[in-house]
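What follows is a short report on a single structure.
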Amino acid sequence: MSTLPDMALSAGASDFIDDAKLCALLKLPPPDAAEVSDVLAKSLTKQPLTVAEVAALLRCTDPAQHEQIFETARQLKRDVYGNRIVLFAPLYVGNHCMNDCQYCAFRRSNPDVERQSLTDADVRAEVEALEREGHKRIILVFGEHPQYSPEFIARTVHTVYETRNGQGEIRRVNINAAPLDEAGYKVVHQAGIGTFQVFQETYHHATYARYHPANTRKGDYLYRLDALSRAQRAGIDDVGIGALFGLYDWRFEVLALVEHGLYLQQRFGVGPHTISFPRIQQALGVDLDEQYIVSDYDFKRLVATLRLAVPYTGLILTARESPEIRREVLGFGVSQIDAGTRIELGGYSRRTNAQCPVREQFRIADMRSLDDVMRELIEDEYLPSFCTACYRLGRTGEHFMEFAIPGFIQNLCTPNALTTLMEYLIDYASPATRAVGVKIIERELEKIPQAALREKVKQRLRQIQETDARDLYF
Ligand code: SAM
Ligand code: SF4
């Protein structure tokens, strides 16, 4: 694999991001009250918004309108997702990298970072540590390097699935790695992955060029923009997009994420499964450019607007954010969070409470344990879920009917959240978390309207409590 961009790689790819069009939409005057109400009313009918409608929300300057947006996002989140929050953990496998992204500690020009790739034995040790804490879903993260070939990624996925620890097992492995070619995606797909994520970082062409030197693989904007289209063509219908917020105007990036989602939907009949919106953090040897740093207030606007724009797309919030911010924006429509996160190589099997800048990509702000996060979620009346049923039953892509089938959430997602939460409470939780967890299970059970289903769920919960039966998904 050459370190240089090969222009042939992006041949035939379509550049569907028109900077001038998106900037022009953001320069229009702020919308009047009627226009805002119309857009919000449309999103409450659970229809995806157009780019122009999202731009209208982003042009609102009146704090009262922002409040209206926050409140509508909260309502939509309750209507579509209920109170479930899915939990996962990132696992960094290797930090060698041939790119030179100016915001990242792993960039090749950084001599101070300690480079490492986990061996199979290291991966097993990390996974066992994650399983001991109760995790069931992880995302494997890689730098871009010839070492991290599709075959290497696939082997790592197999190692993760094969590693068991008592009742512990990882049931879903997602990937965040460099874009692959179609043949590479096929190899990784066959290993049984969940979502393949690639973040565009910034969709703004000139800014992209500034942060990703032209003499690197990642310097090819179009190859990266086309990454998840290639994944779709290779048969991966579960993809995650994202932008790194803080490189350019956050409102532009939100519009571009929406544009990207619409493009995938139109082109492949399946939109992205998830959108990630990491805010840039301090990293070893990185001088943050203050100009586009996103304030906490704008971050709230960003999350709420995305929720309204793409009602059926999962939104992922990570431990880059502090517990306080996480707690606040969860209500606007986040569907997945990581917890108990360590991002330094080997950080789970050698867990400490300190971060180690020479071994991590950036600083995180939420170092709490999974158990502490679980307890807070439950006390705030969320229903934590480790459910992995859909992708294991082939319910992905256009077959992913979670929202299209009436009663899907009620009949499948909530029961699966309850059984996976019960597993956690029995096998891993602290007494304090178990005490609040049992109560929320009782409350949620009573909300299941059909007596027969309620009985069936109760029976499975008893099975989990009284026997070694696990993984009883609907
Ligand atoms: N190396 C692969 C790539 O760049 O696509 C894998 C992803 S990288 C290990 C994971 C993501 O972390 C990047 O896509 C980027 O959005 C994010 N990231 C990089 N530097 C960051 C920083 N200083 N603060 C927050 N997020 C950062
Ligand atoms: Fe490498 Fe990814 Fe970091 Fe860029 S963001 S330097 S590609 S690890």
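Here, each number is a calculation from the coordinates, and none is a lab measurement. Quantities reported herein were computed from a predicted structural model and do not represent experimental measurements. Positions of Cβ are backbone-derived with ideal geometry, glycine not excepted, and every protein chain shown enters the neighbour counts.
Miscellaneous remarks
- Given charges at Cβ of Lys, Arg, Asp, Glu: the chain dipole, positive-most of 258, 37, 234: 234
- Global size of the chain: 21.5, 63 Å for Rg and Dmax (C-alpha atoms, Rg to one decimal, Dmax whole).
- Given +1 at the Cβ of Lys and Arg, -1 at the Cβ of Asp and Glu and no other charges, the dipole of the stretch 148-279 around its Cα centre is 140 debye to the nearest 20.
- Mean separation of Cα contacts under 8 Å (6+ apart) over length of the stretch 400-466, as relative contact order %: 36
- Percentage relative contact order, the stretch 244-395, counting C-alpha pairs under 8 Å, at least six apart: 22
- Cα gyration tensor shape for the stretch 161-275, rounded if a/c is under 1.5, else prolate or oblate: prolate
- Convex hull volume per residue, computed on the Cα atoms of the stretch 117-197, equals 79 Å³.
- Residue among 98, 389, 284 farthest towards the positive dipole end of the chain, charges placed on Cβ: 389
- Amide H contacts of residue 245 (H built 1.01 Å from N, under 5 Å, at least 5 apart or other chain): 279, 280
- Global geometry of the stretch 18-101, whether rounded, prolate or oblate, following the gyration tensor of its Cα atoms and the 1.5 cut on a/c: oblate
- The mean sequence separation of alpha-carbon pairs under 8 Å and at least six residues apart, normalised by the residue count of the chain, gives a relative contact order of 19 percent.
- Using only side-chain charges placed at the Cβ, +1 for Lys and Arg and -1 for Asp and Glu, the dipole size of the chain relative to its Cα centre rounds to 920 debye.
- Test item: Cα-centred dipole of the stretch 400-466, Lys/Arg +1 and Asp/Glu -1 on Cβ, debye: 160
- Semi-axis lengths, Å, the stretch 316-460, gyration tensor of Cα atoms, sqrt of 5 times eigenvalues: 30, 19, 14
- A cut-off of 5 Å between modelled amide H atoms, ignoring neighbours fewer than 5 places along the same chain, links residue 385 with 85, 86, 87.
- Across the stretch 337-393, the volume of the C-alpha convex hull divided among the residues equals 114 Å³ per residue.
- Translational diffusion of the stretch 400-466, µm² s⁻¹ [Kirkwood Rh, Cα pairs; Stokes-Einstein; 25 °C; 0.890 mPa s]: 196
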